[in-house]
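Worksheet: one structure, shown below.
The values are calculated or read from the model by the stated rules, or taken from the named source; none is laboratory data. For clarity, every value in this text was computed on a predicted model and none was experimentally measured. Every residue, glycine among them, receives a Cβ derived from its backbone with ideal geometry; neighbour counts consider all protein chains shown. To get the accessible areas, we keep the full protein, side chains included, count just its heavy atoms, and leave off ligands, DNA and RNA. Shrake-Rupley method; radii C 1.70, N 1.55, O 1.52, S 1.80 Å.
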Amino acid sequence: MNKKTSEELAVFGGRPIFEEFKSTSNLLKPDVEKFLNYSKTFYAQKHYTNNGPNVRLLESRLASFHNTKHCVSFSSGFWALALVIKVLAKPGKTEVILPSLTYRRMTDMIAWLGLTPHFCEVDEETLAMCPSSVKSCVNENTAVILGVHPIVNCSDVESLELIANECEIPLVFDSVESVYESIDAGKIGAFGEAECFSLHACKLFNGFGGGYLTTNNSELAKQLSSMRTFGFVGPDNIEYSHGVNAKLNEMHACMALASLDDIDAQVADNKARYYQYRKGLASLKGFSLLEFDEAFDSGFKNIVARISDAWPFSRDETVRILNAERVLARAHYDPPLHTKLNDNEYLACDLSLTESLATQFINLPCGQKVSCDDIEKIIDLLRFIENNADQIKQLMPRMTEHD
């Protein structure tokens, strides 16, 4: 990095340190030859959709990967999650327990189902939903517990399963960020009634869109396989209501298969990037990396850091400075879901910790388009910001001019 004075920061009109934007998404580009080779199968069989050969192969391989009996693919992770909650929600019950510190569109999915979110608190250190808070939210109207894994590491799966079993409430896991992870009890994918995953380009398995669900419940897998194809069972027989067109097509399945082929190499690259960040952030005051638990398998995909009062700028000020340099850092799950609902009703316990945590965490660039050299430049930039904090603060009124 060649900046010598604070005025050279891009937020004040200087030249950005990167020519291309550095994203917080995985953005894997699967090998095109592998994709084309898989594509020859459906092309030769003239079977492009409706449970084609590559969809069947992908489901078989993913079921094996997650050590489960069944995998059902969908056109998106949204439909995987929406349809399984629709099927499993206790009749006559209306509430879905989940954290507020999570994906911004989760409440839209719950509202689409005609249900009400009931927000629980999270753990201060792990950002995972707190089991004791979950249990306190359970009442006579609880329809489903939605066990959302955080971006780094996993929720307390065993405790959530214990609560669900004791209270006789279906437990579904949103595992989109934990596809490679494992816990004491085994590989993520085989817990609760079902676990849902995404094949979006920002995720570890990139199908350029799509999603899937894993389960050991054969009847549930059969019903969801039908519901994703309008509810059909056979050419003219509709057995299940609420069917939609949520099939995964062959082209997306081919991309996901090509991505799956290279998964171990991807994880090794992610781990190298993670170590680069861990080494660099340790030299900064006020930046602490949310570390992966290396006692278990992990995909090491996302980089999340906490910004404390020892850092000279707020999280949002830091994001603005970095973004101007084409470092597309992002606020981590901010605002919390319960603070931005307008017309939709919700219930919640005391979420003061969630509201505080939402201002402290930042997602840093990662994924297949970010190199270790790029990370070194980002660390150098952060070090420059730290060392020149007083001068930057004097110039901050000019930030708006260049946003």
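Per-structure values
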| read-out | value |
| --- | --- |
| Label selected from (1) 148; (2) 167; (3) 127, the criterion being volume of the Cα convex hull per residue in Å³ as computed here | (1) |
| Anisotropy class of region 224-349 from Cα gyration tensor, a/c 1.5 cut | oblate |
| Two-site label geometry, residue 141 and residue 376: point separation in nm, points 7 Å out along Cα→Cβ | 5.7 nm |
| Cβ-derived FRET efficiency at R0 35 Å, residue 244 paired with residue 184, nearest 0.05 | 0.45 |
| Shape call, region 146-204: gyration tensor on alpha carbons, a/c limit 1.5 | prolate |
| Rg/Rg_globular for region 259-317, with Rg_globular taken as 2.2 N^0.38 Å and Rg from C-alpha atoms | 1.34 |
| Sulfur and carbon atoms: percent of accessible area, region 32-258 [1.4 Å] | 52 percent |
| Gaussian network model of the chain, Cα within-10 Å springs - most flexible of 133, 218, 178 | 218 |
| Accessible area (Å², per residue) of the chain, counting only protein heavy atoms and a probe of 1.4 Å | 43 Å² |
| Antiparallel bridge percentage (DSSP; both residues within region 89-165; nearest 5) | 10 percent |
| Per residue convex hull volume, Cα atoms of region 328-403, in Å³ | 176 Å³ |
| Residue 320 accessible area, assembled protein chains, probe 1.4 Å, Å² | 90 Å² |
| Inter-probe distance in nm under a simple model that places probes 7 Å from Cα toward Cβ, at residue 5 and residue 105 | 4.6 nm |
| 5 Å-binned pair-distance histogram of region 32-258 (Cα, whole percent) | 1, 7, 15, 19, 20, 16, 11, 6, 3, 2, 0, 0 |
| Backbone N within region 174-199 under 13 Å of label point (7 Å from residue 296 Cα along the Cβ vector) | 175, 177-192 |
| Radius 11 Å from Cβ of residue 175, net charge of other residues (Lys, Arg +1; Asp, Glu -1) | -2 |
| Gain upon complete extension [residue 64, residue 15; 0.36 nm per residue less C-alpha separation] | 12.8 nm |
| Virtual spin-label span in nm between residue 37 and residue 159, 7 Å along Cα→Cβ | 4.6 nm |
| Local net charge near residue 33, Cβ-Cβ under 13 Å (Lys/Arg +1, Asp/Glu -1) | 0 |
| Alpha-carbon centroid distance for the pair region 37-102 / region 318-348, whole angstrom | 28 Å |
| Additional length obtainable on full extension of the chain from residue 314 to residue 236, 0.36 nm per residue less Cα span | 22.1 nm |
